[in-house]
Amino acid sequence: MKALLVRKDEESGKTSAAVEDLTEADLPEAEVTVAVEYSTVNYKDGLCIGPGGGLVRKYPHVPGIDFAGTVEESSDDRYKPGDKVVLTGWRVGEAHWGGYSQKARVRADWLVPLPDGIDTRQAMAVGTAGLTAMLAIMALEDHGLAPGHGPVLVTGAAGGVGSVATAILANLGHEVAAVTGRPDQGAYLQELGATQIVPRDELTEVTRKPLESEMWAGCVDAVAGAMLGRVLKQMKYGSSVAAIGLAGGAAIEGALITPFILRGVNLLGIDSVMQPYENRLRAWERIARDLPMDKLEAMVQPATLSDLPGLGRDILKGQVKGRVVVDVNA
Ligand code: NDP
């Protein structure tokens with residue numbers, strides 16, 4: 001079986017990634033062996049394909065923080081050979097060998113059975129990014145967001161989380177304002193259902209104003225940094241921001257406290273990694289129901305194991321559009 005292995009030279013400390021032949025005996029011990037069909041490229045994968053960024057526990061390492069495939073062997077009653085499964089999170093691809101391999105061996109608790117209406121390729125077109133987008137939207141709904149409340153802002157919209165969030169929100173009947181730093185991606189975002197394209201630089205300038213006009217009924221934020229500081233001041237009274245990532249930096253800038261105490265704005269942190277089984281299952285069922293699969297196809301960039309070193313560098317530079325789907329058997 002083939003896998004992308006990242007090795008570290010102990011003397012220089014440098015890492016290198018290449019496709020190698022492995023045997024099943026090389027896989028880590030765990031309850032379920034999965035014949036992997038598809039994996040994807042996420043920001044964390046970019047880090048793990050390179051020097052690791054502190055995420056990789058032990059070398060040699062197989063990255064790939066998510067995958068979908070078919071159960072081949074299981075010592076856990078919940079899964080039997082032939083079951084279609086999807087895996088996201090639980091530090092797979094970081095502390096445990098991941099999906100850039102034709103086979104993976106993982107804990108049964110980390111898997112979710114694929115719901116009806118979505119196949120393994122579609123599941124990875126969604127992937128960790130799309131699951132996180134759905135978890136963010138569910139959190140906004142739990143805090144009162146409903147269609148008709150006004151435009152919902154999506155930042156980092158042409159990226160993975162942003163693309164899926166835009167398509168789901170539009171399909172649920174929300175007006176979607178998509179923020180992008182790539183003007184050439186406006187037509188793509190409109191195709192996904194965005195009704196308004198907001199240029200990134202309109203929201204990255206730091207102002208001293210404590211509040212601005214109320215504009216957004218909700219926000220899925222993949223960017224944080226200066227943009228989140230600015231967006232918080234433009235949220236409608238009692239609305240929520242679901243913060244999922246920090247592609248634009250970890251520090252939030254601006255007069256921060258005012259939106260919370262004068263407008264009752266909620267800042268909801270979304271973590272997909274440690275989501276309990278029930279939440280992941282519910283989110284995958286919602287994805288199968290609420291994400292139009294034809295829109296999903298427009299986001300997909302196909303790739304093979306040997307494309308991964310280059311794609312890992314691209315995603316760290318914010319240059320990947322939509323979702324990369326890696327066919328590990330191609
Ligand atoms: P992508 O790289 O696909 O998308 C990020 C997007 O953010 C880019 O496409 C770009 O969109 C925008 N962007 C990049 N750099 C900047 C910048 N300096 N300032 C403003 N905008 C910028 O990544 P994902 O969508 O997969 O993930 C987004 C973030 O979410 C990452 O930080 C990732 O680590 C995190 N994440 C968190 C998860 C969780 O469980 N909380 C799960 C998955 C991801 P555009 O060109 O349209 O402006």
Seminar exercise, completed: The percentage of the accessible area of the range 26-85 (probe 1.4 Å, all protein chains present) made up of carbon and sulfur atoms, to the nearest whole number, is 50
Problem set entry | Rounded to 5, percent antiparallel among DSSP beta bridges of the range 4-136 | 95
Problem set entry | Carbon and sulfur %, accessible surface of the range 127-269 computed with the full protein complex present, 1.4 Å | 53
Problem set entry | Most positive-pole-ward Cα, MET138, GLY156, LEU311, against dipole of the chain from beta carbon charges | GLY156
Exercise. Just how far, in whole angstrom, is the range 1-73 from the range 96-116 if you go by their alpha carbon centroids?
Worked result: 12
Seminar exercise, completed: Given a 1.4 Å probe, the accessible area of the range 1-116 per residue, as a whole number of Å², is 44
Exercise. Expressed as an acute angle from 0 to 90° and rounded to the nearest 10, what is the orientation of the C-alpha long axis of helix 120-142 relative to the principal long axis of the chain?
Worked result: 40
Problem set entry | For GLU73, solvent-accessible area (1.4 Å; no DNA, RNA or ligand), Å² | 110
Exercise. Sorted by accessible area (1.4 Å probe), largest first, how do GLU191, GLU20 line up?
Worked result: GLU191, GLU20
For this session: Starting from the Cα of LYS80, draw a straight line to each of the lysines and keep only those under 26 Å, dropping any in the same chain fewer than 8 residues away.
Result: LYS2, LYS103
Exercise. Just the accessible area for LYS80, please: 1.4 Å probe, Å², rounded to the nearest 10?
Worked result: 120
Seminar exercise, completed: Expressed per residue, the solvent accessible area of the range 127-269 in Å² (1.4 Å probe) is about 38
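The values are calculated or read from the model by the stated rules, or taken from the named source; none is laboratory data. Values in this document were obtained by computation on a predicted structure and should not be read as measured data. A quick note on method: Cβ atoms are made from the backbone with ideal geometry, for glycine too, and the neighbour counts reach across all protein chains shown. The protein model used for the area step is the full one, side chains on, heavy atoms only, and it has no ligands, DNA or RNA in it. Shrake-Rupley method; radii C 1.70, N 1.55, O 1.52, S 1.80 Å.
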